[in-house]
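Asker: Take a look at this one; I'll ask things after.
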Amino acid sequence: MPCAWNGQHTMPTKLSTSNQQIGFGGGCHWCTEAVFSALRGVTQVQQGFIRSTPPHDSYSEAVIVHFDPSCIGLVTLIEIHLRTHASMSQHRMREKYRSAVYSFDKEQYAASQNILTRLQQQFDRPLVTETFSFDGFRPSSERFQNYYQTDPSRPFCTTHIDPKLKLLRDRFSEHLKNN
């Protein structure tokens with residue numbers, strides 16, 4: 001079974017050539033990191049700040065998700081992304097906590113836009129999630145990496161991350177590593 005999880009929580013040092021990457025901004029990167037780290041077919045999640053191209057020529061909290069497309073597809077990743085953060089909410093901190101898909105090439109950019117357009121039909125309000133071209137990355141401080149896995153009993157984790165992981169278990173259980 002090529003998508004089987006080996007039970008390790010460590011990140012691989014070298015990614016296979018079949019892996020692809022996509023960036024997601026979904027509010028707090030601690031939450032986004034925990035969600036994508038739980039998925040079968042995701043081989044690495046890099047937490048930090050992604051710079052996008054204009055009109056938002058700035059960094060925002062985000063993750064880079066490395067994944068094996070033979071195990072989990074772009075449509076599933078984007079749908080999970082939309083369901084596990086405030087993808088329909090405008091707020092004053094939206095620049096720093098941008099709802100975004102960051103593409104790494106023109107083909108992925110077009111595919112992401114098409115997927116967002118198709119998935120919009122599943123939502124009762126307009127999505128604020130935008131597609132941007134990836135333009136740079138700064139990792140978070142080492143002390144914040146694997147934030148949830150390091151201490152899931154922290155108040156932030158129990159208040160903000162646990163509900164997202166529950167939604168993930170309830171709605172996308174077939175994509176979880178421990179299934």
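Asker: Mind telling me which of S99, S37, S70 comes out most flexible in a GNM of the chain, alpha-carbon contacts under 10 Å?
Answerer: S70
Asker: Using a 10 angstrom cutoff on alpha carbons, build the Gaussian network for the chain and name the most mobile of R98, R83, R125.
Answerer: Comparing R98, R83, R125 in the GNM, the peak value goes to R125.
Asker: May I ask you to derive the FRET efficiency for R171 and Q20 from their Cβ-Cβ distance with R0 = 30 Å, giving the value to the nearest 0.05?
Answerer: Plugging the Cβ-Cβ distance into 1/(1 + (r/R0)^6) gives 0.80.
Asker: Moving on to the next point. Can you tally the lysine pairs in the chain where the Cα-Cα distance is under 25 Å and the two residues are eight or more apart, or on different chains?
Answerer: Qualifying lysine pairs in the chain: 6.
Asker: Next question, about the same structure. Can you give the FRET efficiency to the nearest 0.05 for R154 and H91, using r as the Cβ-Cβ distance and R₀ = 25 Å?
Answerer: Computed FRET efficiency for R154 and H91: 0.60.
Each reported figure results from applying straightforward, stated rules to the coordinates on display, with no laboratory input. What you see is a predicted model, and the numbers here were worked out from it, not measured in a lab. We place every Cβ from the backbone using ideal geometry, glycine too, and count neighbours over all the protein chains shown.
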